[in-house]
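Visitor: Before we start, here is the structure in question, set down as structure tokens.
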Amino acid sequence: MDNNRTIASAVAAILGVQAATAQELRSSDGVPSDSLGEITVTAQRRTENIQDVPITIQALTAETLRQLNVQTFDDVIKYLPNVTSNNNGPGQSQLIIRGLATSESGNQGEGATAPFPNVAVYLDEQSTQLPGRNLDVYAADLERIEVLEGPQGTLFGAGAEAGVIRYITNKPKLDVTEGNVNAGYGVTAHGDPNSNADAMINLPLIPDMLAVRAVIYDDRRGGYINNTPATFTRSITDRGSHYATTTGVLPPSVSINNSSDVGNAINPVTYQGVRASVLWKINDDWNVLITQSYQDMDAQGVFAEEQYSSSGAPQPPLTVQLFNPNDNKDKFENSAWTINGRIGDLKAIYTGGYLDRNVSQVQDYTNYARGAYADYYQCLVNVRCYSPSASWQETENNTHLSHELRLSTPDDWRVRALGGLYWERYTIRDEVNWLYRASQMPFGDLEPPTQYCVGANGLPTQYGAGTCVSSSVTSIDPSPRSPSTSFTDDVTRGYTQKAAFLSVDFDLLPRTLTLTLGTRYFHLENTEVGWDGGSFGCLGNPAVPQAQQPPCVNDNNYVNLNARHLDSVASGFKSRANLTWRIMPDAMVYYTWSQGYRSGGFNRGNQYATGGPLAGIWSDPLAYSSDTLTNNEVGWKTEWLEHRLQFNGTLYRENWKNSQVEIFDPGLLGDLDFVTNGASYIVKGAELQFQARATHALSFAGSAAWNQSRLASVPLLYSGTGQPINLTPYGTPANPSGSPFGAIGSPLAQSPPFEGNLRARYDFSVGEYAAFCQVSGTHQDHSYATTNSLQTDLQGNTINYNLPAFSTLDAAIGISKDAWAVQAYGQNLTDTLGELSANYSQWYKAVSTTRPRVVGVRFSYRFTTAK
């Protein structure tokens with residue numbers, strides 16, 4: 001094998017188009033070329049050159065992922081400008097494209113309470129999105145990762161409102177036996193070592209008819225967060241201390257320490273998985289592909305540092321003070337099947353899939369003891385306060401069953417059409433138990449409700465008023481909860497999505513001017529059942545042993561969701577239009593107008609605020625509707641200097657209307673977080689991408705995104721009598737209106753005004769070896785953690801945290817010969833702890849940072865035997 005040609009192909013692959021997209025070198029008559037190659041994508045459900053697709057696409061090919069040492073989503077996101085995340089750890093992120101995000105949140109209960117994501121995540125043809133939890137597919141034997149920016153409602157449906165992230169796996173090859181083995185080892189600054197290994201094999205079983213492909217992987221990443229020694233002692237300044245004393249003096253109280261949980265590098269994460277595919281070529285026109293995937297991820301500890309303790313004391317970087325074990329186990333199994341064929345001139349594709357994802361998580365919640373209600377569950381008034389130890393436990397199951405049928409005309413017709421039918425059943429089963437009740441306290445165990453009550457208007461009431469009717473609920477777990485459980489969510493929700501779509505391309509001028517029109521009719525049936533309940537109001541007689549206390553059931557803190565008949569239907573059309581003008585063979589400009597949407601949903605209950613100035617006045621809504629995004633985009637894609645320079649760009653304006661905003665503000669709007677509609681935002685931005693081959697050996701690539709967002713309008717909040725509520729008295733200097741949506745003109749959350757990256761690579765020979773060196777840098781401007789400028793922490797500081805700007809630097813050097821390759825690499829060489837996101841969901845300022853400096857080495861062996 002020509003070593004120079006081999007390494008040259010790898011060099012080109014690292015450079016990429018559209019924000020670090022990789023490409024391969026072209027060659028003619030076996031002679032390597034200095035020109036940039038092309039990459040094909042399926043963003044429009046056709047196989048096309050990415051330079052011909054009139055939308056903003058970022059794509060990272062297999063060689064790019066390998067050369068950049070990308071294995072997980074946290075590795076890849078820094079090379080995707082205009083893509084960020086509300087990062088709570090591996091597989092625990094809300095994905096954000098073009099800054100379309102509003103509120104910060106933790107993970108607990110998001111499956112039951114959060115809006116459906118507005119970024120769709122696909123594993124091949126299977127949708128996988130889940131509120132607050134991205135599917136973190138390990139990047140072993142991937143063909144590419146595609147990021148489609150802007151609304152993609154026409155071809156990808158509900159959930160693709162802000163964009164789509166697609167993991168495309170390699171498929172079996174009928175005519176080649178090939179395989180590879182990769183292994184690596186590295187060290188993490190301030191933490192433990194890392195190791196990884198993966199292996200792939202492709203085997204033709206029957207020549208030109210049947211082949212299998214399989215990959216297996218095991219990646220163990222050392223932790224870097226330390227749990228430091230701490231003692232938790234109650235204070236009279238705790239917000240709930242009035243439940244402990246009527247004299248202003250705390251009764252005898254139990255203090256706890258975390259000696260049993262202290263440790264360094266408490267957050268290791270392990271990815272283990274296998275994927276196998278079978279391709280059967282029935283004849284020249286028809287083939288069948290079946291793929292089975294399994295992945296088991298275990299993320300221990302927490303992945304956010306505790307910048308300030310619950311008492312407001314500053315803490316060292318990369319440390320926390322936790323009093324209970326923390327762990328997140330995330331497993332998924334995906335079955336997928338595709339039939340490709342032809343019916344006359346038409347190409348036909350039927351694809352289906354079934355994803356079954358199971359999450360089990362536990363996290364410390366002890367700092368809640370400084371909140372407004374904990375002492376009610378932990379203290380006998382003026383007698384004694386028991387342990388403040390607390391945690392929450394979540395068990396979540398998510399399934400996606402989908403079927404899609406597509407028909408398309410040949411790509412060389414002047415009028416080209418693609419149409420299809422889609423059906424999906426999307427279900428979330430989420431059970432969360434908050435364990436902050438002292439087991440010595442006189443409470444009966446929480447049990448699912450057996451009735452509901454209705455008021456004079458015939459609607460269910462929450463507080464037991466009116467006429468009570470016997471009624472069971474749909475429970476994930478119908479058994480009584482443990483003695484320490486104070487609150488439970490036991491919710492099953494989801495939707496059935498039906499759709500028909502059509503997209504037509506018409507060459508107004510052959511190979512020069514093309515008009516594309518597309519639309520999608522959708523029909524969404526949204527449902528929710530189950531219950532939630534708490535033991536507030538269930539405090540019994542202290543003289544009666546806890547085991548003899550009557551159960552806490554049908555209390556005034558219970559919501560029987562079945563009784564509320566939570567179902568809704570949404571239907572309509574979402575469309576797009578493109579006008580593409582190819583000015584010259586290698587230069588194209590386009591205008592795109594597109595729409596996106598996501599499903600609405602329901603809140604756990606529409607209770608009145610029970611404390612604060614709006615007590616008995618404000619009630620959160622029972623349901624919220626779909627929001628919509630409309631995009632206007634002008635872009636260009638060009639190549640110059642005989643394909644040695646590529647320069648692409650986009651200017652866009654997006655209108656986000658009736659946006660779904662999750663709100664938790666216990667001081668003003670009540671004690672349960674809820675979702676409501678109404679606020680509208682305008683987002684304007686620009687993106688630039690370039691790559692250049694300065695010489696045969698020296699290449700550059702870079703990309704940048706500028707994003708400006710602002711709140712354009714906010715809805716009024718209304719009292720239970722239908723009168724608007726004046727929130728001005730509750731405003732802040734940053735938000736005088738007092739609106740929980742923020743001040744007019746304020747930006748969206750996780751929306752940096754600027755992001756960019758730049759890379760350079762040089763290839764050279766050392767005797768019989770091919771060698772390379774590479775350096776890359778990234779920069780992310782400041783952003784805000786949330787749009788909520790009213791909620792404050794226990795010290796009175798706004799939780800609308802300002803996340804500072806930061807930069808990182810990576811580098812790699814390597815050599816190869818024949819089938820062998822080795823490289824040494826460094827990620828985040830400056831050891832910058834960039835703040836990616838922040839939240840107050842665990843009652844302390846938790847900040848997720850970039851992973852500290854990693855230095856490692858990676859070995860690879862590849863073989864190929866053509867038939």
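The values are calculated or read from the model by the stated rules, or taken from the named source; none is laboratory data. Since we're looking at a predicted model, the values are computed, not measured. Every residue, glycine among them, receives a Cβ derived from its backbone with ideal geometry; neighbour counts consider all protein chains shown. To get the accessible areas, we keep the full protein, side chains included, count just its heavy atoms, and leave off ligands, DNA and RNA. Shrake-Rupley method; radii C 1.70, N 1.55, O 1.52, S 1.80 Å.
Visitor: Measure off 7 Å from each Cα along the Cα-to-Cβ vector at Leu513 and Val181, then give the distance between these two points in nanometres to one decimal.
Guide: Between Leu513 and Val181, the label points sit 6.0 nm apart.
Visitor: Another question, if that's okay. Any chance you could run the full-extension gain for Leu203 through Arg414? It's 0.36 nm times the residue separation minus the Cα-Cα distance, nm to one decimal.
Guide: 72.0 nm
Visitor: Here's another thing I want to ask about it. Give the cysteines in the chain for which no other Cys Cβ lies under 4.7 Å away, or write none if there are none.
Guide: By the Cβ distance rule, which asks for a partner under 4.7 Å, the isolated cysteines are Cys773.
Visitor: For Glu143 and Ala805, what does the FRET efficiency come to when R0 = 41 Å and r is the distance between their Cβ atoms, rounded to the nearest 0.05?
Guide: Details: r = 34 Å, r/R0 = 0.84.
E between Glu143 and Ala805, to the nearest 0.05, is 0.75.
Visitor: Where nothing but the Cβ of Lys and Arg (+1) and of Asp and Glu (-1) is charged, how large is the charge dipole of segment 250-367 around its Cα centre, in debye to the nearest 20?
Guide: On the way: 7 positive and 13 negative charges, 74 e Å.
The calculation lands at about 360 debye.
Visitor: Ranked by accessible surface with a 1.4 Å probe, highest first, in what order do Asp261, Asp192, Asp665 come?
Guide: Heavy-atom accessible area, descending, gives Asp192, Asp261, Asp665.
Visitor: Let's test the formula: R0 of 22 Å, r as the Cβ-Cβ distance of Trp636 and Thr864. What FRET efficiency results, to the nearest 0.05?
Guide: Values: r = 38 Å, r/R0 = 1.72.
Using R0 = 22 Å, I get an efficiency of 0.05.
Visitor: When the chain is fully extended, how far beyond the present Cα-Cα distance does Asp75 get from Tyr608, taking 0.36 nm per residue of separation? Walk me through the numbers on the way to the answer.
Guide: On the way: separation 533, 0.36 × 533 = 191.88 nm, distance 4.40 nm.
Length gained between Asp75 and Tyr608: 187.5 nm.
Visitor: Ignoring ligands, DNA and RNA, please state the percent of accessible area on segment 136-219 from carbon and sulfur, probe 1.4 Å.
Guide: Its accessible area is 64 percent carbon and sulfur atoms.
Visitor: Remind me, relative contact order of segment 66-157 in percent, using alpha carbon pairs under 8 angstrom and six or more residues apart? Can you show the working numbers first?
Guide: On the way: 98 pairs, mean separation 25.7, N = 92.
After rounding, I find 28 percent.
Visitor: Follow-up question, since we're still on this one. Could you name the lysines whose alpha carbon sits less than 27 Å from that of Lys347, not counting residues in the same chain fewer than 8 places away?
Guide: Counting by Cα, and skipping residues close in sequence, Lys347 has these lysines nearby: Lys171, Lys173, Lys281, Lys498, Lys574.
Visitor: Next up: Determine the sum of side-chain charges near Pro483: Lys and Arg each +1, Asp and Glu each -1, restricted to other residues whose C-beta is under 15 angstrom from that of Pro483.
Guide: Working: positive: Arg437, Arg481; negative: Asp445, Glu447.
Summing Lys and Arg as +1 and Asp and Glu as -1 gives 0.
Visitor: Aspartates and glutamates near Lys845 by alpha-carbon distance under 17 Å, same-chain residues fewer than 8 away left out - which ones?
Guide: Filter leaves Glu104, Asp238, Glu305, Glu306, Asp364, Asp665, Asp793, Glu835.
Visitor: Please report the net charge: other residues with Cβ closer than 11 Å to the Cβ of Pro54, K and R +1, D and E -1.
Guide: Computed value for this residue: -1.
Visitor: Report relative contact order for segment 110-185 in percent, whole number only (criteria: Cα-Cα under 8 Å, sequence separation at least 6). The partial results should precede the final answer.
Guide: Working: 111 pairs, mean separation 25.0, N = 76.
Result for segment 110-185 is 33 percent.
Visitor: Spin-label point model (7 Å from Cα, Cβ direction): what's the Ala465 to Thr721 distance in nm?
Guide: Result: 1.4 nm between the two label points.
Visitor: Taking Cα centroids, how far is segment 569-603 from segment 419-450 in Å?
Guide: Using only Cα atoms to place each centre, the spacing works out to 37 Å.
Visitor: Run the simple label-point estimate for Asp296 and Phe764 please: 7 Å along Cα→C-beta, distance reported in nm.
Guide: Reported label-point gap for Asp296 and Phe764 is 4.7 nm.
Visitor: Which label marks the calculated value of P(r) over Cα pairs in 20 Å bins from 0, in percent, given the options (1) 12, 30, 30, 19, 9, 1; (2) 14, 47, 31, 8, 0; (3) 14, 39, 30, 13, 3, 0, 0?
Guide: Computed from the coordinates, P(r) over Cα pairs in 20 Å bins from 0, in percent corresponds to (2).
Visitor: Can you give the helix-only mean residue ellipticity at 222 nm for the chain, where every DSSP H stretch with n ≥ 4 adds -39500 (n - 2.57) and the sum goes over all residues, rounded to the nearest 500 deg cm²/dmol? Before the final figure, lay out the partial values.
Guide: Values: 6 runs with 36 residues, N = 867.
The per-residue figure over the chain is -1000 deg cm²/dmol.
Visitor: Below 8 Å between Cα atoms, with a sequence gap of 6+, how large is the relative contact order for the chain in percent?
Guide: Working: 2634 pairs, mean separation 110.9, N = 867.
Relative CO of the chain lands at 13 percent.
Visitor: How large is the dipole of segment 785-867 about the Cα centre if only Lys and Arg carry +1 and Asp and Glu carry -1, each at its Cβ, rounded to the nearest 20 debye? Spell out each step's value before the answer.
Guide: Details: 7 positive and 5 negative charges, 98 e Å.
Approximately 480 debye in magnitude.
Visitor: What is the calculated FRET efficiency for Ile282 to Lys331, with r their C-beta to C-beta distance and R₀ = 35 Å, to the nearest 0.05? Let's see the in-between values first.
Guide: Working: r = 34 Å, r/R0 = 0.96.
After rounding, the FRET efficiency stands at 0.55.
Visitor: Moving on. If exposed chymotrypsin sites (Phe, Trp or Tyr not before Pro) are those in a DSSP loop with at most 15 other Cβ within 10 Å, what is the longest stretch of the chain that has none?
Guide: Numbers: sites that count: Trp286, Trp413, Tyr463.
Answer - 464-867.
Visitor: Right, another one. Taking the alpha-carbon centroid of each part, what is the distance from segment 339-393 to segment 129-206 in angstrom?
Guide: Computed from Cα coordinates, the inter-centre distance equals 24 Å.
Visitor: With a sphere of radius 10 Å drawn around the Cβ of Val362, what net charge do the other residues whose Cβ falls strictly inside it have (Lys, Arg +1; Asp, Glu -1)?
Guide: Details: positive: Lys329; negative: Asp327, Asp364, Glu394.
Local net charge: -2.
Visitor: Another question about this same structure. Calculate what fraction, in whole %, of the accessible area of segment 681-745 sits on carbon and sulfur atoms when a 1.4 Å probe is rolled over the protein chains.
Guide: On the way: 1860 of 2880 Å².
Its accessible area is 64 percent carbon and sulfur atoms.
Visitor: Report the one residue of Leu346, Ala214, Trp286 whose Cα lies farthest in the direction of the positive end of the charge dipole of the chain (charges on C-beta: Lys and Arg +1, Asp and Glu -1; origin at the Cα centre).
Guide: Leu346
Visitor: May I pose another question? Evaluate the charge dipole of segment 242-317 about its Cα centre and quote only its size in Debye, nearest 20, assuming +1 on the Cβ of each Lys and Arg and -1 on the Cβ of each Asp and Glu. Each step should come with its number before you reach the end.
Guide: On the way: 2 positive and 7 negative charges, 19 e Å.
Value, rounded to 20: 80 debye.
Visitor: Counting only heavy atoms of the protein chains, get the accessible area per residue of the chain (1.4 Å probe) and round it to a whole Å² value. It would help to have the intermediate numbers written out before the result.
Guide: Numbers: 31640 Å² over 867 residues.
Roughly 36 Å² per residue, with all protein chains present.
Visitor: Counting only protein heavy atoms and using a 1.4 Å probe, what share of the accessible area of segment 92-132 belongs to carbon plus sulfur, as a whole percent? Intermediate values should be presented prior to the final figure.
Guide: Values: 200 of 460 Å².
Of the solvent-accessible surface of segment 92-132, carbon and sulfur hold 42 percent.
Visitor: What is the angle, in °, between the Cα long axis of helix 3-15 and the longest principal axis of the Cα atoms in the chain? Nearest 10 is fine, range 0 to 90.
Guide: 40
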